[in-house]
Amino acid sequence: MKVATAEQLRQLVLPGTADLQTVRNACKDLRHAGLMESVGRTSTPGVKGRPVRRDLWNLTTAGLAAAASELGRPVREMGGTARDAAKAGAAHALAVTDTIDAFRQSPPLPTKPVARRTTRPVPERVLPVRPRGLGHLRGWETEVALPVAGTFTTPARGSLRADAVLTAPEDLVPVLFVEVDNHTEPAAVVAAKIERYRRFFGRQVKNDHGRDVPLWSTLWDDFGRGSFPPVALVFTKDVGAQARMNRIKAVRDLSRACWQPRWENPRGWSPKDTEEDGWWDFAGTVPVIATHLDHLRTHGPHGPVWWRFGHSDWQPITEALANTGTKDEYRAREGQRRECEAQEERRRQEREEELSRREAGKWPCPSCGGPVYPGDAWGAPVATGSPCTACRTVTAAEAAETNGILVRLRRT
């Protein structure tokens, strides 16, 4: 984290701590060691609208080096000390920290109270319950340069910086680029960032074998889903539900060219409104999912809080990131269709063979000359040379009538 309050650090690292002063004391100890400093303050509304001011803590140059050593990363990848952001109140940096906390949902763990001289019993604490989180703190990076030209350490003009990048393969999210939006920019500017993401993802470089590979894949693992890595938009401004949805739809519509897949069928590209079956081709597209920070805090990333551009409902993150209607799904449907067609063909052949056997075994009825088959309409066998069913029925009726007349004559 570039900038954080003591309250944020508590939520991220020690949510089970009973007293916030424990975290403040830790920050002061790190300041005494020259690893942290507080050069700014933030103000938020408190009880009865009174402003509550909190110190902003950021790492010093020595602190960045110590963090790089702890994380096993080069110091050049750690970025700056964020002193200027802290002096200005660091509204956006604090929103990024809140977003990471909402993703992480660090589970509150009980802490062991320090032994004291007093004999007064310590009341049992009820720890808050948080939803399931995603990834670990070590899987996060902030202010990550994404060069559309140049290098990661010296990006060219026109490049962008991701607010945060998460790698959580243990939760089936190899990489996720996160953009935090405070509603300080027009929707068109946010949509333009998605276009720059697409330009960065499409950049190719030579690997050690002289082959062209995506530049981003030299640092992060591929999803293996046929598209570029996903981008998550987290909106933080406290507005009404309708205003939130309007903001999401505005960015969606303005960035359609970046995330909209192509509809294809075996004969090539075609409009989706055709009735012919096909699949969505996601190659060269950026999957974009969106949510609001309040929803992410309340339900966690695995709750139904994500709106995937192009989908029609709120979904958990793994479902929202899954590409649907793919060529593999089409092939599965095509395989099922072919199996059904093969079964129908087998049944047709069996019917034709049965008809051929019946035709080969038929004989003329000795009474009327009509064709007689080995089996009647109900499947009962018929002896070879026997009359047809109609003639047998007439003969049986005549015999019954004759027998009835003879019975009546005997009685008289």
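Below are the figures for this structure:
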item: Listed residues PHE152, PHE103 arranged by accessible area, highest first, probe 1.4 Å; result: PHE152, PHE103
item: Sum of side-chain charges, VAL144 neighbourhood, beta-carbon under 12 Å (Lys, Arg +1; Asp, Glu -1); result: -2
item: Per residue value of the accessible surface for the chain (all protein chains in place, 1.4 Å probe), Å²; result: 59 Å²
item: Coil-residue GluC sites (Glu not before Pro) of region 199-279, DSSP, other Cβ within 10 Å capped at 14; result: GLU275, GLU276
item: Electrostatic dipole magnitude of region 120-168 [Cβ: Lys, Arg +1; Asp, Glu -1; Cα centre; debye, to 20]; result: 220 debye
item: Approximate spin-label separation GLU401-ALA257, in nm, with each point projected 7 Å along Cα-to-Cβ; result: 9.1 nm
item: Label-point separation, GLU70 to VAL239 (7 Å along Cα→Cβ), nm; result: 3.7 nm
item: Accessible heavy-atom area order of SER312, SER217, highest first, probe of 1.4 Å; result: SER312, SER217
item: Solvent-accessible surface (1.4 angstrom probe) belonging to SER386, in square angstrom, nearest 10; result: 30 Å²
item: Lys, Arg +1 and Asp, Glu -1 on Cβ, resulting dipole of the chain about Cα centre, debye, nearest 20; result: 1680 debye
item: Heavy-atom accessible surface of the chain: percent carbon and sulfur, 1.4 Å; result: 53 percent
item: Environment charge at GLY284 (Cβ cut-off 10 Å; Lys +1, Arg +1, Asp -1, Glu -1); result: +1
item: 9 Å beta-carbon shell around VAL23, net charge (K/R +1, D/E -1); result: 0
item: Separation in nanometres of the label points that stand 7 Å from Cα toward Cβ, at ARG337 and ARG125; result: 6.2 nm
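The values are calculated or read from the model by the stated rules, or taken from the named source; none is laboratory data. A quick note: this is a predicted structure, and the numbers were derived from the prediction, not measured. Reconstructed Cβ throughout: ideal geometry from the backbone, glycine too, with neighbour counts over all protein chains shown. These accessible areas exclude ligands, DNA and RNA; they are computed on the full protein's heavy atoms, side chains included. Shrake-Rupley method; radii C 1.70, N 1.55, O 1.52, S 1.80 Å.
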